[in-house]
Amino acid sequence: MTRYFEVLRRDGPARVGRLLLERTVSTPDFLAPEDYISAGSIFSYGSVEEALAAGEALKGQQKLTILPYVPAALHYPAIITLPDMETDGPKGVVLHPLSEERPEEADVYVMGSAGALKNPRDLVKAVIGCKNRTRSDSALYAPALATPANLALLIYLGIDLVDRTRVIADAYLGRYHTRDGVWEVGALPELPCRCPHCLALDDRIDPEKIAAHNVLKLEEELRIVRLMIESGTLREYVERQVRVTPDQTAALRLLDQEHCYLEARTPQHRSSAFLANTAESLQRVEVTRFGQRVLERYRAPNSDVLLLLPCSARKPYSTSRSHRLFAEAIGQHRRYLHELILTSPLALVPRELEEVYPAASYDVPVTGRWDREERAWLLDCLAAYLKKNKYARIVAHLEGELEDTVRSSGLDAAFTGGGTREDSLEKLARAVREACRDAVRLKEGRLQRYRAVADFYFGEGAGDALLSNDAHIKGRELQNEDKKALAMITPNGTMALSIEGARRLADRGSYIVTIGDFLPRGSLLAPGVVEADPQIRPGDEVIIQGPRAFGVGRAKMSGWEMVESRRGVAADIRKIVGKE
Amino acid sequence: MAKMAKQRDLDLSRPVAVWKSQDLLDDEPAGSLTVILRTRGCRYNRCLMCGYASEGAPATEENLLAQFERAMQKFSSQDQMVKIYTSGSFLDPAEVPPQVREKILRALQERGVRRLVIESRPEYIVPSAVTECLSNIDTEFAIGLESSNDLVREKAIRKGFSWQDFVQASKTVHDLGGRIKAYILLKPPHLSEKEAVQDAVSSARMAANYAEILSLNLCNVQRGTYVERLWERGEFRPPWLWSALEVLKSAPGTIVCDPVGAGSRRGPHNCGRCDAAVADAIRKHALSQDRNLFEELECDCQVTWRKLQDLEERTFGSPIV
């Protein structure tokens with residue numbers, strides 16, 4: 001079967017794609033009436049046979065051909081199930097959004113009765129349900145649902161195609177849309193918009209002009225959403241935008257509870273800043289994933305002394321004024337202690353991981369106040385961390401509510417009161433000096449960093465495998481005993497492996513993409529993938545292995561998606577060599 | 001679909017309702033008396049839009065006769081037409097036992113009623129029952145055909161009988177010299193406004209060959225029904241009154257319509273400003289069959305109605321509300 005949809009970029013469930021119809025539709029986009037031809041509802045025919053014959057008659061179209069459908073009652077099973085049908089062009093199939101049945105193959109799935117998905121539970125369940133029972137290289141179209149206010153949420157949920165139907169219809173029902181919601185146009189004291197359609201509206205309410213305004217606002221919003229996806233900030237935008245209605249905010253919270261759905265689609269890395277502005281930010285996959293990896297994959301160096309420090313506004317922390325002052329105060333004792341930074345929403349950032357996403361790029365409103373959720377998350381993480389990583393002595397250079405919080409947990413530590421004033425730093429220096437008496441000197445800091453970062457990306461033990469046999473640092477590179485590069489920590493905090501480095505990790509069996517009997521160049525396409533580690537996420541460093549090739553690259557899609565997809569780039573190859 | 005009514009407050013010796021009205025009798029308006037008997041209710045009781053079953057109660061023969069007697073207290077000689085409905089099938093012996101039926105028929109004959117109208121599902125329209133009616137009084141047998149389209153009737157309404165069943169019942173009645181009234185439903189759940197209008201128009205056209213008179217029923221949202229649950233979630237909108245006019249204007253032969261609940265959220269409605277005038281014209285038309293009554297009606301919301309019909313063809317299932 002020919003395929004007409006390809007995903008080009010992903011940011012969480014949101015995707016940028018290309019749908020090849022008579023025109024090329026760059027998703028997320030509107031599916032216009034002229035883009036498709038629909039056989040319509042079975043109830044516009046005299047019998048099911050007649051409806052199927054009408055579907056058959058649509059063959060030979062370059063437009064999206066939407067097969068006859070059975071209208072869905074959202075909370076009831078499908079009234080009838082139609083047999084599968086073939087088309088010879090791009091194929092659209094209408095889904096019952098809350099059914100659990102796997103539909104036939106299609107390029108575009110239309111969510112039936114989507115316009116009635118007003119309840120946030122139904123909406124989230126419907127989109128996730130549709131995505132879970134269709135292939136990831138098909139597009140999802142939600143008809144008659146999009147408004148300027150909800151568009152960002154819809155795209156973030158994973159919908160690729162929307163339309164102008166709802167806002168046009170609303171214009172004829174006297175409803176005036178902006179990104180900030182919908183108003184009865186008659187009740188507005190003045191129009192909040194200066195578009196030409198609004199300027200031309202006089203006392204008479206003209207539905208055509210309101211429709212033109214509504215459509216303009218929806219089109220503007222689509223551009224904003226596309227920009228947000230492009231800049232990797234859609235999540236931040238959605239967190240703001242859902243505030244327009246409690247239903248939308250509820251939908252985002254319900255989506256955040258669907259952790260598996262989100263985690264499977266959340267990239268390993270973004271080049272944009274991570275803004276934790278809202279209560280929902282604490283629930284983000286990036287936060288829980290970072291916390292989980294620190295607790296599960298990361299192992300602290302064998303240090304007698306732990307120093308707890310507060311975060312800084314400037315990232316990475318080491319480049320901030322406060323952390324430079326801490327470093328000066330600690331002085332030569334730095335080689336005798338391990339530093340752990342306490343922060344919200346990431347909870348714990350070991351010094352070696354401070355350049356890793358999102359530790360190096362998050363920003364959070366700092367008031368000095370720690371709310372109950374933040375405290376609980378921090379203390380839970382700290383308790384779990386200290387269960388795994390043991391220290392003889394702990395120095396806590398924390399101040400205010402953060403110090404109170406940690407103290408309240410009953411932690412046995414030398415509390416200095418924190419701060420960067422001269423006397424505060426003096427206290428820090430004294431406490432550290434005291435704690436480090438008789439402490440064991442640690443290995444070189446940069447090696448520890450490589451070990452920690454390797455563990456963070458590839459799993460516990462990866463660091464030891466990479467650092468075996470006299471690996472050493474040269475410049476920004478980790479080299480083996482023959483001075484050949486093994487790995488490099490890139491300026492954005494990810495780890496780039498060399499072929500040599502990959503060989504050291506390949507036996508561990510994780511982050512491996514197994515390909516067919518060929519030697520790819522440049523890009524590895526999804527159809528060439530035979531198997532892929534299901535934990536691979538977009539942005540992950542992956543090891544590419546096949547009967548004729550061995551190489552390293554960056555994943556462009558998740559591992560499960562590489563296996564499932566028949567189109568699209570699975571990974572960008574950095575280096576690949578042939579095998580005999 | 002609907003639950004049985006709470007039985008404790010029901011007085012089984014009283015009918016559900018009795019009212020006097022005007023109806024079309026052989027092309028002329030005539031006085032009519034409508035009686036709704038409280039029987040055990042429709043035995044089939046699975047139609048997706050029907051809430052009448054909630055009126056059912058275990059009425060005995062004595063109860064039914066008492067209800068009829070009480071209703072007939074309102075009868076006067078102007079009432080040339082009597083309609084006896086049961087929220088089910090008058091000819092179902094389990095609802096109205098044959099002895100009761102016989103007594104009712106005889107009583108009406110004795111009072112000189114010109115025409116009786118009863119309602120029944122086709123399965124109870126059998127020669128013996130039809131003959132019994134017709135031997136007493138000129139009877140019109142009303143059947144809830146709803147749609148001439150078997151797919152719509154079975155899957156969107158769940159009516160439980162076929163077009164052929166209707167045709168057969170019509171033949172039985174006509175062979176014995178009776179009259180048929182066919183009810184056409186505008187709009188069943190899951191049909192868009194446009195599909196519903198088309199379905200009703202073609203149903204009227206087809207049913208007219210088998211019925212002396214058509215009655216257009218505008219779907220309203222009755223309590224406890226499947227349609228009500230759809231409506232509550234924005235998955236059903238009752239028909240526009242403009243749509244009703246479309247059907248009435250296109251129907252061949254006599255077609256009447258009582259726009260029950262017109263102008264309310266649960267009933268057929270337009271924008272709210274024109275509903276009363278349009279409903280009034282529909283009622284007048286039922287007595288006069290004068291289509292000119294519709295020509296004078298006009299409202300801004302006709303544009304909306306037309307536009308939304310086009311847009312609704314692109315929603316893939318949900319109505320625009």
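The values are calculated or read from the model by the stated rules, or taken from the named source; none is laboratory data. In this text the structure is predicted, and so the values were computed from the model without any measurement. Cβ: placed from backbone, ideal geometry, glycine included. Neighbour counts: every protein chain shown.
Given the structure, is B:LEU297 under 27 Å from B:ILE255 (Cα atoms) and either in a helix (DSSP H, G or I) or within 9 Å of chain A (Cβ to nearest Cβ) (or both)? Here the answer is no, as B:LEU297 does not meet what is asked. Flag: A:LEU95 does not match the condition of being within 12 Å of chain B (Cβ to nearest Cβ), within 17 Å of B:ARG233 (Cβ to Cβ) and buried (at least 24 other Cβ atoms within 10 Å of the Cβ).
If the condition is being surrounded by 18 or more Cβ atoms within 10 Å (Cβ to Cβ), within 23 Å of B:ALA276 (Cα to Cα) and not hydrophobic (A, V, I, L, M, F, W, C), then region B:223-256 contributes B:ARG237, B:PRO238, B:PRO239, B:SER243, B:GLU246. Within region A:104-114, being under 22 Å from A:LEU21 (Cα atoms), within 14 Å of another protein chain (Cβ to nearest Cβ) and assigned to a loop (DSSP other than H, G, I, E, B) holds for A:ALA106, A:GLY112. Counting only residues that are at pLDDT below 90, out of contact with any helix residue (DSSP H, G or I) (no Cβ under 7 Å at 6 or more places or on another chain) and small (Gly, Ala, Ser), region B:1-52 holds 1 of them.
Regarding A:ARG297, is this residue at negative phi and either surrounded by fewer than 18 Cβ atoms within 10 Å (Cβ to Cβ) or outside the structural domain of A:GLY419 (by TED's automatic domain parsing) (or both)? Taking the combined requirement at face value, the residue does not satisfy it. If only residues of region A:30-69 that are of a type in the set (S, T, N, Q) and closer than 13 Å to A:VAL93 by Cα are counted, the one that is farthest from the other protein chains (Cβ to nearest Cβ) is A:THR65. The set of residues from region A:125-143 being of a type in the set (A, V, I, L, M) and part of a strand (DSSP E or B) comprises A:ALA139, A:LEU140.
Only helices (runs of 4 or more DSSP H) whose full extent lies in region A:230-293 are considered here, and the ones with at least 1 residues that are among the aromatic types (Phe, Trp, Tyr) and touching a residue at least 60 places away in the same chain (Cβ under 8 Å) are A:234-241, A:259-263. Contact map, region A:373-402: residues that are at positive phi paired with residues that are surrounded by fewer than 18 Cβ atoms within 10 Å (Cβ to Cβ), Cβ distance under 8 Å, separation 6+ or inter-chain. Pairs shown: A:GLY400/A:GLY368. Annotation: B:ILE320 fulfils all but one of (1) surrounded by fewer than 22 Cβ atoms within 10 Å (Cβ to Cβ); (2) within 14 Å of chain A (Cβ to nearest Cβ); (3) of a type outside the set (Lys, Arg); the unmet one is (1).
Just to be sure before I move on: is A:LEU82 touching a helix residue (DSSP H, G or I) at 6+ places or on another chain (Cβ under 6 Å) and within 22 Å of A:LYS131 (Cβ to Cβ) in the structure I sent? Criteria not met by A:LEU82.
Within region A:418-434, the residues that satisfy the criterion of being surrounded by 16 or more Cβ atoms within 10 Å (Cβ to Cβ) and either outside any helix (DSSP H, G or I) or in contact with a Cys (Cβ under 8 Å, 6 or more places away or on another chain) (or both) are A:GLY418, A:GLY419, A:THR420. Give region A:470-496 a look and list any residue that's assigned to a strand (DSSP E or B) and not β-branched (Val, Ile, Thr), or say none. Selection gives A:HIS472, A:LYS474, A:GLU477, A:LEU478, A:GLN479, A:ALA485, A:LEU486, A:ALA487, A:MET488, A:MET495, A:ALA496. Can we say B:GLY224 is out of contact with any His (no Cβ under 8 Å at 6 or more places or on another chain) and at pLDDT below 95? Yes; evaluated as a whole, the condition is true for this residue. Of A:LEU340, A:LEU353, A:LEU348, all but one fail to be at pLDDT 95 or above and touching a Pro at 6+ places or on another chain (Cβ under 6 Å); the exception is A:LEU340.
When region A:172-194 is filtered for residues that are hydrophobic (A, V, I, L, M, F, W, C) and within 35 Å of the chain's Cα centre (by Cα), the ones remaining, listed by number, are A:VAL182, A:TRP183, A:CYS193. Of everything listed in (1) of a type outside the set (A, V, I, L, M); (2) part of a helix (DSSP H, G or I); (3) under 30 Å from A:ARG102 (Cβ atoms), the single unmet condition for A:GLU219 is (3). Looking for whichever is within 19 Å of B:SER87 (Cα to Cα), surrounded by fewer than 18 Cβ atoms within 10 Å (Cβ to Cβ) and either in contact with a Ser or Thr (Cβ under 9 Å, 6 or more places away or on another chain) or modelled with pLDDT of 95 or more (or both) here; the options are B:GLU132, B:GLU123. Which one fits? The match here is B:GLU123. Mind checking whether some residue in region A:455-473 is buried (at least 19 other Cβ atoms within 10 Å of the Cβ) and acidic (Asp, Glu)? Yes, region A:455-473 has at least one match.
Each row is one residue, and each column tells you yes or no for (1) in a loop (DSSP other than H, G, I, E, B); (2) within 14 Å of chain A (Cβ to nearest Cβ).
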{"site": "B:VAL167", "(1), (2)": "no, no"}
{"site": "B:HIS174", "(1), (2)": "no, no"}
{"site": "B:ALA200", "(1), (2)": "no, yes"}
{"site": "B:SER203", "(1), (2)": "no, yes"}
{"site": "B:ALA211", "(1), (2)": "yes, no"}
{"site": "B:GLU228", "(1), (2)": "no, yes"}
{"site": "B:ALA244", "(1), (2)": "no, no"}
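Suppose the filter is buried (at least 18 other Cβ atoms within 10 Å of the Cβ), more than 10 Å from chain B (Cβ to nearest Cβ), among the hydrophobic types (A, V, I, L, M, F, W, C) and in a loop (DSSP other than H, G, I, E, B); does A:LEU74 pass it? Against the criterion (buried (at least 18 other Cβ atoms within 10 Å of the Cβ), more than 10 Å from chain B (Cβ to nearest Cβ), among the hydrophobic types (A, V, I, L, M, F, W, C) and in a loop (DSSP other than H, G, I, E, B)), A:LEU74 does not qualify.
Restricting attention to region B:114-129, does a residue exist that is part of a strand (DSSP E or B), within 14 Å of chain A (Cβ to nearest Cβ), within 18 Å of the chain's Cα centre (by Cα) and under 23 Å from B:THR39 (Cβ atoms)? No. The single condition among (1) free of Cβ contacts under 8 Å to residues at least 24 places away in the same chain; (2) touching a Phe, Trp or Tyr at 6+ places or on another chain (Cβ under 6 Å) that A:PRO196 does not meet is (2).
The number of residues in region B:266-309 that are within 30 Å of A:GLY112 (Cβ to Cβ), in contact (Cβ under 8 Å) with a residue 24 or more places away in the chain and surrounded by fewer than 17 Cβ atoms within 10 Å (Cβ to Cβ) comes to 2. The residues on offer are A:THR87, A:THR81, and the sole one that is part of a loop (DSSP other than H, G, I, E, B), more than 35 Å from the chain's Cα centre (by Cα) and of a type in the set (Val, Ile, Thr) is A:THR81. For region A:21-40, taking the residues that are under 14 Å from B:LEU311 (Cα atoms) and either more than 30 Å from the chain's Cα centre (by Cα) or not hydrophobic (A, V, I, L, M, F, W, C) (or both), the one that is surrounded by the most Cβ atoms within 10 Å (Cβ to Cβ) is identified as A:SER38. Mind listing just one residue for me: the one in region A:354-408 that is basic (Lys, Arg) and surrounded by 13 or more Cβ atoms within 10 Å (Cβ to Cβ) and, of those, farthest from the chain's Cα centre (by Cα)? Taking the candidates together, the pick is A:ARG393.
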